[in-house]
Amino acid sequence: MPTRLGRDIVERWHKNPIITLENVPFPCNTVFNAGAVKYGDTYLLLMRVEDMAGRSVFALARSEDGYHFSVDPRPVMEPSKDEPFRSYERRGIEDPRITYCEGEYYVMYTAYSRYGARLALCKTKDFQNYERIGLISEPENKDGCLFPRRINGRYARLDRPYGGGIGNIWVSYSDDLINWGNSQVVMTTRGGFWDSDRIGASAPPIETEHGWLEIYHGVKNTSAGPIYRMGTVLLDLDDPSKVLCRSAVPILTPREYYERVGDVGNVVFACGAILEDSGRLRIYYGAADTCICLGFADINLLIERCKLGPDGEDIE
Ligand code: BMA
């Protein structure tokens, strides 16, 4: 039975966390942020696993019911040994986000090296073999996710370049998935709000009749360190640089012990969500950079939540 704490609109699965270190059959430090997809009748999570050296790789977990997962015996994707990827993935591959677009499964992820974090893209048919397509941004950029269809004839992505000391959400376009441009800012941090210091896309955008529903994360720095929460925004279907409305309050805030305490405490961070036929969204999220959890929210409630309150003005 799902549980709801405080005023969070996302209901937590009562047996959270659903995946911890104990479920990973190979030695590692932590398992957290995961891309999620329903592949035939099977739920798949492509999980960020930090290995014993502190470098992130991807491992695959599968489930018939979406609650009980088994993890493959070895990582399915590791930092590349081949250039040009090798130089830019040496410190790990992080935060995979899966998008099904035009018959292919794409995974946008963060390539991390001594040069910083940049976006990379690969594709897969079976979630066992991954074909790298390109390094698709310069540093510093993360939280990239591909839209599930072309917009005005072009592929589109959300991302989070870091500029002027601030991390905001942007949109960029491409004809070939390799060269990206026409970049525009979508939304910025909001002074005085829960998302006042950094924001980034979480799960890939979901198309609804009201606009693109994007679950995003927002960071507020406190005297005890940052707090990562989740919120929602609706973007225009034809021009996703246009914010239609944005939640004034988060949909999920770290409150449970497993969200408060871990390698990085006070973090709920989603890379994947699966929309069920009933309209219920299953959000798979990393908690405290240490385990994977599951939460549920009705998509119409999430859309309503976007319409609550101010849409991005700083609180004076
Ligand atoms: C972000 C990403 C996430 C991580 C979060 C909290 O910058 O690196 O992978 O969950 O920080 O540490």
What do you reckon, how do Y284, Y39 stack up by accessible area (1.4 Å probe), largest on top? Y39, Y284
The chain, helix-only ellipticity at 222 nm - DSSP H runs n ≥ 4, -39,500 (n - 2.57), divided by all residues, nearest 500: -1000 deg cm²/dmol
Determine the gain in length on full extension of the stretch A53-K242; use 0.36 nm per residue of separation and subtract their C-alpha separation, reporting nm with one decimal. 63.8 nm
Two-decimal Rg to Rh for segment 102-193 - Kirkwood Rh, Cα set: 0.99
Over all directions, what mean area does the Cα convex hull of the chain project, stated in square nanometres? 15.2 nm²
With 0.36 nm assigned to each residue of separation and the Cα-Cα distance removed, S183 to K81 gains 33.6 nm
Got a sec? Charge dipole of segment 157-316, +1 on Cβ for Lys and Arg, -1 for Asp and Glu; which of V185, S223, A287 is way out at the positive end? S223
Average Cα contact separation per residue, segment 236-316, under 8 Å, 6 or more apart, as relative contact order %: 32 percent
For segment 161-316, just run the numbers: alpha carbon Rg, then divide by 2.2 N^0.38 Å, N being how many residues it has. 1.03
Can you tell me, using C-alpha contacts under 8 Å and at least 6 residues apart, the relative contact order of the chain as a whole percent? 16 percent
How big is the Rg/Rh ratio for segment 239-284, C-alpha atoms only, Rh by Kirkwood, two decimals? 1.07
From highest to lowest solvent-accessible area (probe 1.4 Å; ligands, DNA and RNA excluded), K242, K123 read K242, K123
Can you count the Lys pairs in segment 13-140 whose Cα atoms are under 21 Å apart, with each pair 8 or more apart or on different chains? 4
Solvent-accessible ranking of L158, L275, largest area first, probe 1.4 Å: L275, L158
Using 1/(1 + (r/R0)^6) with R0 = 22 angstrom and r between the beta carbons of N129 and R90, what's the FRET efficiency to the nearest 0.05? 0.50
At a probe radius of 1.4 Å, what is the per-residue accessible area of I136, in Å² to the nearest 10? 10 Å²
List the lysines whose alpha-carbon lies under 26 Å from that of K307, not counting same-chain residues fewer than 8 positions away? K220, K242
What is the diffusion coefficient of segment 229-316 in µm²/s, taking the Kirkwood radius over Cα pairs and the Stokes-Einstein relation at 25 °C with a viscosity of 0.890 mPa s? 173 µm²/s
Loop-only check: which trypsin sites (Lys or Arg not before Pro) in segment 4-97 are DSSP coil with at most 16 other Cβ within 10 angstrom? R4, R7, K15, K81, R90
For segment 30-136, Rg(Cα) over 2.2 N^0.38 Å is 1.03
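The values are calculated or read from the model by the stated rules, or taken from the named source; none is laboratory data. Treat the numbers as computed from the prediction; the structure is a model and nothing was measured. Using ideal geometry, Cβ is built from the backbone for each residue, glycine included, and neighbour counts are taken over all protein chains shown. With ligands, DNA and RNA removed, areas are computed over all heavy atoms of the protein, side chains included. Shrake-Rupley method; radii C 1.70, N 1.55, O 1.52, S 1.80 Å.
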